[in-house]
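Structure first, commentary second.
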Amino acid sequence: MNEKDMQHGRNYNGQDIKSFIATEKYDGCRAYWDGENLWSRGGLKIMIPDYWRAALPAGTHLDGEVYDGVDGLYRCGSAVRYGNFSPSMRFIVFDCPSCNGDYQTRMDYAAKFLNGPVQVAAYRTVKHLSEVRELLAEVLQRGGEGLILRDPKLKYVPGRTAEILKVKERFLKAA
């Protein structure tokens, strides 16, 4: 497992986003749960704590981010590389590749299994760019990195796709 087996987005560049689903773009370390082990995007098997293993669903694939707050990138890197997990760290799930269906169906399925240090990313449908601007401003105000916009009909297919769009601070400056 490595990043070529994961789904990735492209930068927002004026695409139509009507009815896309917005989630925060977490500034942590990308990871993939294959139903048995957690893997980094670089293909490193992550040594997770027992309480994470107990919270992750056996046999269900989850794509997400090891996250420890807006200032936690380096702590997450240490956890991924050396197993230095703190109780404040979370695995934020933003897709469930082993579930068929649209994005909402996959996230609803994933949410049934998750608790404690494993959480589903909060998401909402956006219909207009004004909503994206407002949501992005809220995320940036609290120190977040940006947003991810997903086409709700998108199937999980590894690789880069134009149906997932990254929206960062430069979007507000360009608007």
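Computed quantities for the displayed model
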quantity: Matching residues in region 14-25 - criterion: being within 17 Å of Glu134 (Cα to Cα) and of a type outside the set (D, E, K, R); calculated: Gly14, Ile17, Ser19, Phe20, Ile21, Ala22, Thr23
quantity: For Thr60: the one exception among (1) crowded, with 18+ Cβ neighbours inside 10 Å; (2) touching a helix residue (DSSP H, G or I) at 6+ places or on another chain (Cβ under 7 Å); calculated: (2)
quantity: Wholly within region 15-72, strands (runs of 3 or more DSSP E) carrying at least 3 residues that are touching a residue at least 40 places away in the same chain (Cβ under 8 Å); calculated: 20-25, 29-33, 62-67
quantity: Where a residue in region 153-173 is more than 9 Å from Arg10 (Cα to Cα) and its partner, wherever it lies, is among the hydroxyl-bearing types (Ser, Thr, Tyr) and assigned to a strand (DSSP E or B), with Cβ under 9 Å and at least six apart; calculated: Leu154/Thr161
quantity: Residue list for region 1-14, filter: part of a strand (DSSP E or B) and farther than 15 Å from Ser40 by Cα; calculated: Gly9, Arg10, Asn11
quantity: Extreme residue, nearest to Val70 (Cα to Cα), among residues of region 9-48 that are in contact with a Leu (Cβ under 9 Å, 6 or more places away or on another chain) and of a type in the set (Ser, Thr, Tyr); calculated: Thr23
quantity: Given (1) surrounded by 14 or more Cβ atoms within 10 Å (Cβ to Cβ); (2) in contact with a Cys (Cβ under 9 Å, 6 or more places away or on another chain); (3) outside any loop (DSSP other than H, G, I, E, B); (4) of a type outside the set (Asp, Glu), index of the condition Tyr156 fails; calculated: (3)
quantity: Residue list for region 67-101, filter: among the β-branched types (Val, Ile, Thr) and over 23 Å from Leu165 (Cα atoms); calculated: Val80
quantity: Among residues of region 98-132, those that are more than 15 Å from Ile21 (Cβ to Cβ) and in contact with a Leu (Cβ under 7 Å, 6 or more places away or on another chain), counted; calculated: 1
quantity: Search result, residues across region 117-146 that are hydrophobic (A, V, I, L, M, F, W, C) and closer than 19 Å to Arg106 by Cα; calculated: Val118, Val120, Ala121, Ala122, Val126
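Bear in mind that the values in this text are calculations on the coordinates, not laboratory data. Just so we're clear, the structure is a prediction, and the values are computed from it rather than from any experiment. Neighbour counts are summed over all protein chains in view; Cβ atoms, including those assigned to glycine, are modelled from backbone coordinates with ideal geometry.
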